[in-house]
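Rule-based calculations on the coordinates, nothing more; no lab input. Please read these numbers as outputs of a predicted model, since none were measured by experiment. Positions of Cβ are generated from backbone atoms using ideal geometry, with glycine treated the same way; all protein chains shown enter the neighbour counts.
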């Protein structure tokens with residue numbers, strides 16, 4: 001039998017450390033923004049489904065009084081800007097950008113696909129994005145520090 005010497009596998013990234021740190025910073029920004037919007041969305045959904053109220057700016061109530069800003073039943077107001085609907089739409093699009101930030105960081109770090117999915121869940125589960133961001137950002141910094149000579153993939 002011959003004895004084989006195994007050489008340690010070289011860690012490779014798909015970008016430079018500067019590109020990876022930039023992606024991590026963008027991810028961090030989107031994680032916090034998406035987390036805040038998700039908390040607003042949860043609060044909006046609770047108020048909407050338990051009390052049947054939505055946040056409107058402007059508009060006229062059915063009794064003729066004008067609404068500056070307030071929680072009202074959608075059926076009791078005409079015109080006005082529905083802030084509850086705006087929160088829903090903004091969070092949805094922000095989550096799309098969050099997924100792009102997640103994908104960019106995931107692909108630069110060359111993590112397994114399961115890691116992409118767990119990071120993506122951060123924008124869907126309330127409060128999870130804050131914890132995931134801290135964990136992911138720390139892991140990125142540790143990997144960059146422990147592999148300073150890591151070669152780019154290409």
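A few comments on the model shown:
- Short-range pairs are left out: with C-alpha atoms under 8 Å and at least six residues apart, the relative contact order of the chain is 36 percent.
- Put a dot 7 Å past the Cα of residue 135, heading toward its Cβ, do the same for residue 71, and the two dots end up 3.3 nm apart.
- Computed E for residue 50/residue 96 - FRET, C-beta separation, R0 35 angstrom, nearest 0.05: 0.80
- Degrees between helix 17-51 axis and first principal axis of the chain (Cα, 0 to 90, nearest 10): 30 degrees
- Subtracting the Cα-Cα distance of residue 29 and residue 85 from their residue separation scaled by 0.36 nm leaves 17.8 nm.
- Cβ-based exposure ranking for 93, 106, 111, in which fewest neighbours within 10 Å come first: 93, 111, 106
- Burial order of peptide ranges 122-128, 138-144, 33-39 (average beta-carbon count within 10 Å, highest first): 33-39, 122-128, 138-144
- Fewest-first sequence of 95, 27, 32 by Cβ atoms within 10 Å of each Cβ: 32, 95, 27
- Values of log10 I(q)/I(0), in the order q = 0.11, 0.14 Å⁻¹, for the chain under a Debye, Cα-only, solvent-free model: -0.58, -0.75
- Taking a ≥ b ≥ c as the square roots of the eigenvalues of the alpha carbon gyration tensor, the stretch 32-72 is oblate, as a/c is not under 1.5 and a/b does not beat b/c.
- Shown for 63, 76: other C-beta atoms within 10 Å of each C-beta, ranked fewest to most, produce the order 63, 76.
- Cβ-Cβ FRET estimate between residue 21 and residue 57, R0 fixed at 41 Å, reported to 0.05: 0.55
- The GNM of the chain, with springs linking C-alpha atoms under 10 angstrom apart, assigns the highest mean-square fluctuation among 43, 75, 24 to 75.
- Modelled this way, with points 7 Å down the Cα-to-C-beta line, the labels at residue 147 and residue 127 are 3.3 nm from one another.
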